[in-house]
Amino acid sequence: MIVKNSKTLLSVEGLRASINGTEILKGIDLTVKSGEIHAIMGLNGSGKSTLAKVLAGHSAYEITGGTVRFEDKDLLELAPEDRARAGLFLAFQYPIEIPGVANTQFLRLAYNTIQAQRGKDELDPLEFDDFVREKMKLLDMNPDFLDRSVNEGFSGGEKKRNEILQMALLEPKLSILDEMDSGLDIDALKTVANGVNQIANKDNATILVTHYQRLLDYVVPDFVHIIQSGSIVMTGGKELALELETRGYDWVTANKQSIAGAVA
Amino acid sequence: MSETATTDYLDCLLKSWSTKSNQPLSWLNQLRASAIDYVGTQRLPTKGDEEWRFTDISALARLSFQSAQSNTDLQAQDIKHLHLKEAKNSLVFVDGHYSAQLSTIIDSATLEIGNLSEFLLTHAAILESHFGQYAKFDNNVFAALNTAFLRDCALIIVPKNTAIAEPVHLLFIAAQSEVTSYPRCLIIGESGSSVTFVEEYVSLREAAYVTNSVTEISLSANAHARHIRIQRESTQAYHLANCAVSLVHGSNYQSVSISSGAQISRYNLDVQLIDEAAECTIDGLALISDNQLADTHTCIDHIKPNGTSRQQHKCIVNDKAHAVFNGKIIVRPHAQQTNSSQSSRNLLLSKTAQVDTKPQLEIFADDVKCAHGATVGQLDKEEIFYLESRGLSETAARSLLTYAFGAEIINRIPVSSLRQQLEQTVLNQTQDNKL
Ligand SMILES: Nc1ncnc2c1ncn2[C@@H]1O[C@H](COP(=O)(O)OP(=O)(O)OP(=O)(O)O)[C@@H](O)[C@H]1O
Ligand SMILES: [Mg+2]
């Protein structure tokens, strides 16, 4: 929701980033205020995941220009764990499998780390078990996933649910959900979208990275951004996703100047 | 090994050897005499010997650690922390000498358990037919030395169709420095029996000494043994160990061995599937740092058809430590329908850590399934980033991932208090890795 006079959570200006000497992000501008839901759409390889990982602090990327502020902090100065502790969360497009670490152990460790940072009480294994089971109900997840190794052998959709479960546990201020809809069947999509909607409130914000308008029927964005070759070329309301669905990316390429100009 | 001049080490030992033993039976004295005869023809292995290519034990030759004498002043209180709460029965040996006072035998009605001097009186015939029959010393100077110098032996006989629920603890404690001890174990599983035993080597303090151990395990038809082997000697010690396992029809041997101690350790495990449909599962973890060297040589010998073997060996190597794994699998011409898999996975935690891993498959039958693979690597950067993005510090992320790597093996130990202890060891040893 767009809240009048709400404070700016994230402010990205002219962000440039390269990997192995190849520039992928070529001047990203993006402002996210609390309460808002943003969608970022774009072709394969346009730089969506790169933007998400750069914001989360992946060390493989070199920042070659621009600034990023997260609330009152210079985000680019922070180590990845400090970004997480400051309230930034990334749901990975390809969540990592960690054989040998029980999911519940991992979730509790992450939860307690963030709690400690916020000066709140940590939970012991028994207390955490009750707490996490409640959150799993929200996502219609089988508690058996607690005892398995983190993401190991989870199906694509199960991994995505486990990401959203972490979001529900950690209660971030800004969540970046990288293709949380890929690999989800329609029922799972509704369940997960419902979970995201329940977590969203006027004090936090969400950035959805997606290829499909369908997700946006369930989690309705306030803004839709289209990214091409590492920069945001068009920004609009939720109708822009529908427009894109019918007209395709060629239309974006042909019209990016005029529309972008009109929006600005 | 050729008949070149014996080194000082062997010379010293040869001079000190005598038959003045308290073992009256002639077969045992004969065995010991032939072992010492064999030692007389040998020298210590060097890096020139194929089997010792990566493991330099030349420092051993400069030590003249004599056989440990019995040390009696150890009290139950001193070793309380070594007690395994799941184990009802435990045999405790101090520097290779049996301590009746520190041992606990509760199950003597269902389980034959005790030490050599006792069993020579009560189980002479069965001892004679098994003792020294599996760990042959005709190609192994350390097994020969153990046979010649052993002071005692831990013995377990699991009677026919008897299942022992609680693990048996065989605890070998090093108490003195600058001595050599010769621990020895013999485990006999009669047909249809089942047992779990923990063979553990520990030291009460940081000291230099040599442990030269031999373990023999014989399983009759459909017998099942779970063997947990823990080597956490002093980091100044030498640990030289041989274990020989003989499996007949339908028997099942499962072992998990963890090596985290010793300056230099060498563990030879030889498993022979001498009859049809035998099965073994062999898991190993070496967890070493500083200047430690841990060498594991295993040989799984499929002699008859329908055997199954599964092996997973892992090493976590930090600082300048060096891990060696040589895993030989033999499938003999008659051993059709053998199903065997082997995996060697190694984690290097510093730029100076080293691993030499070598699978060695010798397959002479055509209708078999054999899979093997080896990897050497560092912690995965994407895994570290994933954990960091959830708020874990880099150090916490690294130690969790390292722990997870080792936990896969540790989790296979069927004794929960031991699992917890070892998990803590991994966490402690991996707190400050450098890559
Ligand atoms: N290590 C690398 N070296 C060179 N180029 C890379 C490297 N990693 C990623 N890229 C390139 O960066 C570009 C952007 O990738 P990114 O993953 O951000 O795309 P995306 O928009 O998320 O695509 P998708 O919709 O397929 O998920 C791609 O062209 C990719 O090939
Ligand atoms: Mg992507």
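The values are calculated or read from the model by the stated rules, or taken from the named source; none is laboratory data. These numbers come from a predicted model, not from an experiment. Glycine also receives a Cβ, built like all others from the backbone with ideal geometry; neighbour counts cover every protein chain displayed.
Quick look at the values:
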| read-out | value |
| --- | --- |
| Set A:THR50, A:THR67, A:THR104: member being away from ligand 1 (no atom under 12 Å from the Cβ), within 22 Å of A:ALA205 (Cα to Cα) and of a type outside the set (Phe, Trp, Tyr) | A:THR67 |
| Test: residue in region B:394-407 that is crowded, with 17+ Cβ neighbours inside 10 Å, modelled with pLDDT of 90 or more and touching a Lys or Arg at 6+ places or on another chain (Cβ under 6 Å) | no |
| B:SER255 vs. criteria buried (at least 23 other Cβ atoms within 10 Å of the Cβ) and either within 21 Å of B:LEU91 (Cα to Cα) or more than 12 Å from the chain's Cα centre (by Cα) (or both) | yes |
| Region A:9-21: number of residues that are within 16 Å of ligand 2 (Cβ to nearest atom) and either more than 14 Å from chain B (Cβ to nearest Cβ) or modelled with pLDDT under 95 (or both) | 1 |
| Scan of region B:272-296 for residues that are surrounded by fewer than 24 Cβ atoms within 10 Å (Cβ to Cβ) and either touching a helix residue (DSSP H, G or I) at 6+ places or on another chain (Cβ under 8 Å) or on the phi < 0 side of the Ramachandran plot (or both), ordered by number | B:GLN272, B:ILE274, B:ASP275, B:GLU276, B:GLU279, B:THR281, B:ILE282, B:ASP283, B:SER289, B:ASN291, B:GLN292, B:LEU293 |
| Per-region count, region A:90-102, residues in a strand (DSSP E or B), facing chain B (nearest Cβ under 8 Å) and under 12 Å from A:LEU177 (Cβ atoms) | 1 |
| A:ASN162 vs. criteria within 14 Å of chain B (Cβ to nearest Cβ), modelled with pLDDT of 95 or more and in contact with a strand residue (DSSP E or B) (Cβ under 7 Å, 6 or more places away or on another chain) | no |
| Residue within region B:142-154 that is at pLDDT below 95, within 25 Å of B:ARG419 (Cβ to Cβ) and not small (Gly, Ala, Ser) present | no |
| Selected residue (only one of B:PHE131, B:PHE137, B:PHE172 is modelled with pLDDT of 95 or more and under 20 Å from B:VAL271 (Cα atoms)) | B:PHE131 |
| Test: B:LEU171 is under 21 Å from B:LEU121 (Cβ atoms) and buried (at least 22 other Cβ atoms within 10 Å of the Cβ) | no |
| Filtered residues of region A:202-230 (kept if among the small types (Gly, Ala, Ser) and under 18 Å from the mean Cα position of the chain (by Cα)) | A:ALA205, A:GLY230 |
| Residue list for region B:221-256, restricted to those being of a type in the set (Ser, Thr, Tyr) and either touching a strand residue (DSSP E or B) at 6+ places or on another chain (Cβ under 6 Å) or assigned to a strand (DSSP E or B) (or both) | B:SER234, B:TYR238, B:SER246, B:SER251, B:TYR253, B:SER255 |
| One residue from B:ALA165, B:ALA100 being closer than 20 Å to B:HIS227 by Cβ and more than 21 Å from the chain's Cα centre (by Cα) | B:ALA165 |
| Residue in region B:420-429 that is crowded, with 21+ Cβ neighbours inside 10 Å, in contact (Cβ under 8 Å) with a residue 40 or more places away in the chain and within 14 Å of another protein chain (Cβ to nearest Cβ) present | yes |
| Checklist (1) assigned to a loop (DSSP other than H, G, I, E, B); (2) surrounded by 14 or more Cβ atoms within 10 Å (Cβ to Cβ); (3) within 14 Å of chain B (Cβ to nearest Cβ) applied to A:ARG85, failing item | (1) |
| Test for A:ALA84: is it out of contact with any Ser or Thr (no Cβ under 7 Å at 6 or more places or on another chain) and at negative phi | no |
| Residue that is nearest to ligand 2 (Cβ to nearest atom) [pool: residues in region A:27-61 that are polar (S, T, N, Q) and either over 25 Å from A:LEU244 (Cα atoms) or within 12 Å of another protein chain (Cβ to nearest Cβ) (or both)] | A:SER59 |
| Condition broken by A:THR210, with the remaining ones in (1) away from ligand 2 (no atom under 16 Å from the Cβ); (2) more than 14 Å from every other protein chain (Cβ to nearest Cβ); (3) touching a helix residue (DSSP H, G or I) at 6+ places or on another chain (Cβ under 8 Å) satisfied | (1) |
| Neighbours by Cβ (under 6 Å, 6+ apart or cross-chain): first from region A:39-53, touching a residue at least 40 places away in the same chain (Cβ under 8 Å); second near ligand 2 (Cβ under 8 Å from one of its atoms) | A:ILE40/A:LYS48; A:ILE40/A:VAL209; A:GLY42/A:LYS48; A:LYS48/A:VAL209; A:SER49/A:GLN93; A:SER49/A:ASP178; A:ALA52/A:ASP178 |
| Output for region A:155-178, where each listed residue is away from ligand 1 (no atom under 16 Å from the Cβ) and either assigned to a helix (DSSP H, G or I) or in contact with a Lys or Arg (Cβ under 6 Å, 6 or more places away or on another chain) (or both) | A:GLY157, A:GLU158, A:ARG161, A:ASN162, A:ILE164, A:LEU165, A:GLN166, A:MET167, A:ALA168, A:LEU169, A:LEU170 |
| Residue that is farthest from the chain's Cα centre (by Cα), among those in region B:362-391 that are within 14 Å of another protein chain (Cβ to nearest Cβ) and among the aliphatic types (A, V, I, L, M) | B:LEU387 |
